[in-house]
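A quick write-up on the structure given underneath.
The values are calculated or read from the model by the stated rules, or taken from the named source; none is laboratory data. Here the structure is a predicted model, which means the values were calculated and not measured. Don't worry about glycine lacking a Cβ; one is built from the backbone with ideal geometry, like all the others, and counts go over all protein chains shown.
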Amino acid sequence: MSFKIENGVLEEYIQEYGETEVVIPDGVTKIGTYAFEDCESLTSITIPDSVTEIGSCAFSSCTSLKSVTIPNSVTKIGSSAFSSCTNLESITIPDSVTKIGSSAFSSCTNLESITIPDGVTEIGSSAFSGCTNLESITIPNGVTEIARDVFENCRSLKSITIPNSVKEIGSSAFENCTSLTNVIIPNSVTKIGWSAFADCTSLEKVITPDFEIKIYSYKNEQIRLVALKDFSLKMPHEIKYDIIWRMFLQKPDDEDIFAYVKKNFIKMIKYAIDENNVEIIREVCKRKDLLTKRNIDKLIEYAIQHTQNGGTVEIQAILMRYKNDNIGYSEPNFSI
């Protein structure tokens, strides 16, 4: 075996035919970008205590690599460092590591379990995506964001506990985790990205310290959301409004839900008109405390415009009937 080493960085490993084991020399401080990429016959690698960083794609596509021991000197594992190491069964990440780069272990299809030490504060996007045999993982308390796609397509992942430090769950973070049955999410989470739990077909409930929310569908996606009454939670309006309307229809006398609906009424009713949701319009018209003289003409005008754009006339008719029965006829004032 031979190495190209410059200023402590192992730039390149020159593999001899049939070589399966590698011992990296002492004194190397960084395993450089692509240093061992596509070394398909390597089954084991020994990394010395002098190494502090594993660079991007350092061991990517080492398809025969079964195990790696990372020494306690390493603080950073770079992007795609072990991506597509399809025979990698286990790996121990030392306490010294603070950052795991994006796609660091993506498509390690044989990886069954991994322990992330408490010192890790950043896990990059897609870090474990496509680890189809990964059954369990522990996220440490220092992590503040579960990045986008980080566990996407981890189809064997059965459960996940998200620590109190996490504030944001990124888009598609757990998408297509088809074995995931329960998720425990703390109150610290203030933002959930689009499709965060999409296609988690076994997921039955999301648990927080105060309540459970069961599964429901939205436009062919399985959406699980976190806070029943935390309306500050950031998510696409089309999802938020859909949830609030469902809650409003199920619990029309709930003071918190009603206050939110009333505060955002014009936007939300326009959303219902856009979606041709006759059920919501009918339910709103059963109440006398939402549709008023101030907003009825504005909403009738909006419904007429919507009808011209291909919507149904039923919503328009319901609103006009409400106006006639409860407010009294007057010439429409579309300048409101």
Original post:
In segment 241-260, how many are in a helix (DSSP H, G or I) and basic (K, R)?
Top reply: 1
Original post:
Is it true that V51 is surrounded by fewer than 24 Cβ atoms within 10 Å (Cβ to Cβ) and either outside the structural domain of T29 (by TED's automatic domain parsing) or not in a loop (DSSP other than H, G, I, E, B) (or both)?
Top reply: no
Original post:
How many residues does segment 75-111 hold that are of a type in the set (A, V, I, L, M, F, W, C) and more than 20 Å from N133 (Cα to Cα)?
Top reply: 2
Original post:
How many of the residues making up segment 250-277 are modelled with pLDDT under 80 and surrounded by 14 or more Cβ atoms within 10 Å (Cβ to Cβ)?
Top reply: 2
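Among V284, V226, which is in contact with a Leu (Cβ under 7 Å, 6 or more places away or on another chain) and at pLDDT below 85?
Going through V284, V226 in turn, the sole match is V226.
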Original post:
Going through segment 129-154 one residue at a time, which ones are of a type in the set (D, E, K, R), at negative phi and in a loop (DSSP other than H, G, I, E, B)?
Top reply: E135, R148, E152
Original post:
Out of the residues in segment 296-333 that are assigned to a helix (DSSP H, G or I) and at pLDDT below 75, which is farthest from E275 (Cα to Cα)?
Top reply: Q308
Subject >> Within segment 76-98, tally of residues that are aliphatic (A, V, I, L, M), in a strand (DSSP E or B) and either at pLDDT 95 or above or under 16 Å from T33 (Cβ atoms) (or both) >> reply: 1
Original post:
Pick from L180, L157: which is at pLDDT below 90, within 21 Å of E89 (Cα to Cα), within 16 Å of the chain's Cα centre (by Cα) and assigned to a loop (DSSP other than H, G, I, E, B)?
Top reply: L180
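For (1) of a type in the set (A, V, I, L, M); (2) assigned by TED's automatic domain parsing to the domain that holds V97; (3) not in a strand (DSSP E or B), each residue gets a yes or a no:
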position	(1), (2), (3)
T33	no, yes, yes
I45	yes, yes, no
A58	yes, yes, yes
C62	no, yes, yes
V68	yes, yes, no
**OP:** Starting from residues that are within 29 Å of the chain's Cα centre (by Cα) and of a type in the set (S, T, N, Q), keep the ones in segment 22-59 and report whichever is farthest from A104 (Cα to Cα).
**Re:** T33
Original post:
Between residues in segment 37-51 that are under 14 Å from E12 (Cα atoms) and residues that are of a type in the set (S, T, Y), which pairs lie under 8 Å by C-beta distance while being six or more apart or on different chains?
Top reply: E37/S60; E37/S61; D38/S60; D38/S61; C39/Y13
Original post:
What about E175, is it charged (D, E, K, R), more than 12 Å from the chain's Cα centre (by Cα) and either closer than 30 Å to K288 by Cβ or modelled with pLDDT of 80 or more (or both)?
Top reply: no
Subject >> segment 1-31, residues that are assigned to a loop (DSSP other than H, G, I, E, B), touching a Ser or Thr at 6+ places or on another chain (Cβ under 8 Å) and of a type in the set (A, V, I, L, M, F, W, C) >> reply: I24, V28
**OP:** Return the pairs, sorted by first residue and then second, in which the second residue is not in a loop (DSSP other than H, G, I, E, B), the first residue lies in segment 67-87 and is of a type in the set (G, A, S), the beta carbons are less than 8 Å apart, and the residues are 6+ apart or on different chains.
**Re:** S67/S44; S67/S90; S67/I91; G78/E53; G78/I54; A81/I54
